[in-house]
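The values are calculated or read from the model by the stated rules, or taken from the named source; none is laboratory data. What you see is a predicted model, and the numbers here were worked out from it, not measured in a lab. Backbone-built Cβ (ideal geometry, glycine too); neighbour counts: all protein chains shown. Calculation scope for accessible area: heavy atoms of the full protein, side chains included, ligands and nucleic acids excluded. Shrake-Rupley method; radii C 1.70, N 1.55, O 1.52, S 1.80 Å.
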Amino acid sequence: MLILAGLFDPLAIRGLTLKNRIVVSPMCQYQAEETGYINDWHTVHYGSLALAGASLMFVEATSVEARGRISNRDVGLYEDGQMEGLRRIVDFAHGQDVKVGIQLNHAGRKADLDSEPIAPSAIAFSDRYKLPQAMTEDDMAQVVRAFEESAKRAVEAGFDVIEVHAAHGYLLHQFLSPLSNQREDGYGGSREGRLRFPLAVVCAVRAVIPEEMPLFVRVSASEYHPAGLTMDDMRFYAQAFKDAGVSLIDVSSGGNVPTPPDKVYAGYQIPLAEAIRRDIDILVGGVGMLDDPILADSIVQSNRADLIFIARGFLRNKNWGHDAALALSHPVEPPVPYVRAYKIPNA
Ligand SMILES: Cc1cc2nc3c(=O)[nH]c(=O)nc-3n(C[C@H](O)[C@H](O)[C@H](O)COP(=O)(O)O)c2cc1C
């Protein structure tokens with residue numbers, strides 16, 4: 001008998017078991033100190049999200065290098081001292097039976113800093129952004145090492161999952177896309193060439209994290225541009241990531257060129273996730289306007305995605321997960337001090 005799973009069914013990935021399919025999607029806060037250290041904002045923000053009913057909460061895009069920050073208020077994990085604040089968030093969430101992931105990122109040409117940005121090719125994102133310098137092989141080796149070191153720190157800080165950010169027009173996405181990667185060496189040209197550096201990053205991270213720890217990769221599966229990467233490219237990349245030990249592809253879209261999607265609606269990125277899931281036979285995360293619990297549940301039930309990533313829905317409602325359980329007539333399991341909020345008066 002085929003048993004279909006729903007939003008409140010557990011999922012085991014390598015050594016990790018998630019109690020449901022609800023994930024707090026990574027969300028930059030741009031509230032860190034200029035040193036990349038987190039502060040009270042993050043403690044309170046992530047503390048409240050750890051009470052929200054998700055099984056897994058992601059800490060925002062976190063820089064692996066100072067020059068790889070999107071802004072000078074990004075969270076960093078390029079110094080040992082940056083682990084301490086993050087460890088407190090992880091420990092608090094673990095006390096609430098919530099797992100915690102961190103998204104590791106390098107902004108590449110989308111770094112809006114005083115320093116000179118780096119990218120696969122010297123092509124600016126738009127006229128509002130600086131012209132980046134095309135990376136040398138030494139630069140690439142340095143960035144691979146930075147991802148590796150940050151991943152080791154994430155493990156030491158107690159994180160349960162690492163997600164490598166290869167979406168939204170940041171450095172790894174810049175390499176994957178023919179729009180931003182026009183290199184003529186072995187790191188550009190063909191789809192194999194464009195994948196070479198992002199795959200080196202993924203392999204380096206996989207090699208330094210424990211065997212039982214899942215590794216996710218977030219991709220932009222469409223660039224909404226006629227000369228952008230194709231679904232065939234994406235299938236090739238997803239297969240290579242799977243072969244390299246990636247457990248889940250978190251399927252987003254856009255961000256590498258200023259062109260927005262033609263149309264945005266509830267679940268608009270799910271067909272991309274579903275295609276990767278079906279063709280590559282890998283777990284996928286669905287994201288994008290999925291905060292109607294019935295829609296979220298139906299996506300999991302119909303095998304279109306394995307995890308549901310929610311971003312803005314959790315900012316609007318820090319009890320989204322518990323409210324979703326209520327809406328789906330599933331037993332609600334809020335933190336003990338909140339139990340009375342879900343008791344029917346006089347029942
Ligand atoms: C405030 C905010 C910050 C975000 N920061 C990140 C980020 O750090 N990394 C990332 O991959 N996506 C980021 N996103 C995108 C979300 O993770 C998510 O993919 C997108 O908002 C669509 O999901 P939603 O409709 O549930 O909001 C951000 C979105 C918001 C609203």
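Key figures for this structure:
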| quantity | calculated |
| --- | --- |
| Inter-residue pairs, beta-carbon under 7 Å, first of a type in the set (Gly, Ala, Ser) and in the range 313-326, second assigned to a loop (DSSP other than H, G, I, E, B) and within 11 Å of the ligand (Cβ to nearest atom), 6+ apart | Gly313/Asp291 |
| Among residues of the range 124-140, those that are in contact with a Lys or Arg (Cβ under 8 Å, 6 or more places away or on another chain) and in a loop (DSSP other than H, G, I, E, B), counted | 5 |
| Answer residue from the range 269-296, given it is of a type in the set (Asp, Glu) and away from the ligand (no atom under 15 Å from the Cβ) and is farthest from the chain's Cα centre (by Cα) among those | Asp279 |
| Matching residues in the range 168-186 - criterion: being among the hydrophobic types (A, V, I, L, M, F, W, C) and touching a His at 6+ places or on another chain (Cβ under 8 Å) | Leu171, Leu172, Leu179 |
| Identity of the residue in the range 2-60, at positive phi and either in contact (Cβ under 8 Å) with a residue 60 or more places away in the chain or open to solvent by 10 Å² or more (accessible area, probe 1.4 Å) (or both), that ends up nearest to the chain's Cα centre (by Cα) | Tyr30 |
| The lone exception for Met140 - which of (1) open to solvent by 30 Å² or more (accessible area, probe 1.4 Å); (2) more than 16 Å from the ligand (Cβ to nearest atom) it fails | (1) |
| Which listed residue is at pLDDT 95 or above and touching a Leu at 6+ places or on another chain (Cβ under 7 Å), from Gln96, Gln133, Gln182 | Gln96 |
| Out of Ser222, Ser247, Ser253, sole residue that is under 22 Å from Leu18 (Cβ atoms) and of a type in the set (Gly, Ala, Ser) | Ser247 |
| Unmet criterion (only one of (1) touching a residue at least 24 places away in the same chain (Cβ under 8 Å); (2) over 28 Å from Phe314 (Cα atoms)) for Ala111 | (2) |
| Qualifying residues in the range 152-188 (those that are among the hydrophobic types (A, V, I, L, M, F, W, C) and in a loop (DSSP other than H, G, I, E, B)) - the one nearest to Met27 (Cα to Cα) | Ala167 |
| Candidates Ala119, Ala93, filtered to the one that is open to solvent by less than 20 Å² (accessible area, probe 1.4 Å) and within 30 Å of Ala50 (Cα to Cα) | Ala93 |
| Test: residue in the range 247-254 that is free of Cβ contacts under 8 Å to residues at least 60 places away in the same chain and out of contact with any strand residue (DSSP E or B) (no Cβ under 6 Å at 6 or more places or on another chain) | no |
| In the range 184-215, residue most open to solvent (accessible area, probe 1.4 Å) [restricted to those that are farther than 20 Å from Ile282 by Cα and touching a Gly at 6+ places or on another chain (Cβ under 7 Å)] | Arg196 |
